[in-house]
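The values are calculated or read from the model by the stated rules, or taken from the named source; none is laboratory data. These numbers were taken from a predicted model, which means no experiment stands behind them. Cβ coordinates were reconstructed from backbone atoms using ideal geometry, including for glycine residues, and neighbour counts include every protein chain displayed.
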Amino acid sequence: MNASVTHRALVCEDDALLALDLERQLEDLGYEILGPFARQSDALRALAATTPDVAVIDVELADGACTRLAGLLRDSGVPTLVVSGLAVSNPPPEYAQATWLPKPLEPPALRRALGRACAPISEESRTETAAG
């Protein structure tokens, strides 16, 4: 990632060790972290104040299913990666545009998924850097 442009990643995971691992992986890739949030309600409050460039969420958090959060992210145009141990063959419509990744998440898989999900962001960053 370009050092002059910081991208923010919303992290929602209720398993503390997995949350810390996701946070570390994303920071290693140059992201500023919003969270990690173990509760959907806390993530929704954060989204009321700011819009991340990408979201990495679990399907279930401490306060239940994340369909409301996923729907808000979709409606806001935030690329979303769903990291889950659940196999979902027909996800709810709130997750229609999300990229699904299995747990445990390995760094190369996260890097590839971010590259695909955030390609428009990366292109925008190159344009901003060239103009600035």
Inset, instruction - With respect to Ala87, determine if the residue is more than 15 Å from the chain's Cα centre (by Cα), closer than 20 Å to Ala113 by Cα, among the aliphatic types (A, V, I, L, M) and surrounded by fewer than 16 Cβ atoms within 10 Å (Cβ to Cβ). - result: yes
Inset, instruction - Count, please, the residues in segment 63-81 that happen to be closer than 15 Å to Ala38 by Cα and touching a strand residue (DSSP E or B) at 6+ places or on another chain (Cβ under 9 Å). - result: 3
Inset, instruction - For residues that are over 13 Å from the mean Cα position of the chain (by Cα) and not in a helix (DSSP H, G or I), scanning just segment 90-104, find the one that is surrounded by the most Cβ atoms within 10 Å (Cβ to Cβ). - result: Pro91
Legend entry - Out of Ala109, Ala70, sole residue that is crowded, with 20+ Cβ neighbours inside 10 Å, at pLDDT 90 or above, in a helix (DSSP H, G or I) and among the small types (Gly, Ala, Ser): Ala70
Legend entry - Cross-chain or 6+ apart pairs with Cβ under 7 Å, segment 58-77 first and of a type in the set (S, T, N, Q), then not in a helix (DSSP H, G or I): Thr67/Pro92; Ser76/Thr51
Inset, instruction - Would you mind finding the one in Val5, Val11 that is surrounded by 13 or more Cβ atoms within 10 Å (Cβ to Cβ), at pLDDT below 95 and farther than 17 Å from Arg116 by Cα? - result: Val5
Legend entry - Filter result for Asp75 (surrounded by 16 or more Cβ atoms within 10 Å (Cβ to Cβ) and closer than 21 Å to Arg116 by Cβ): no
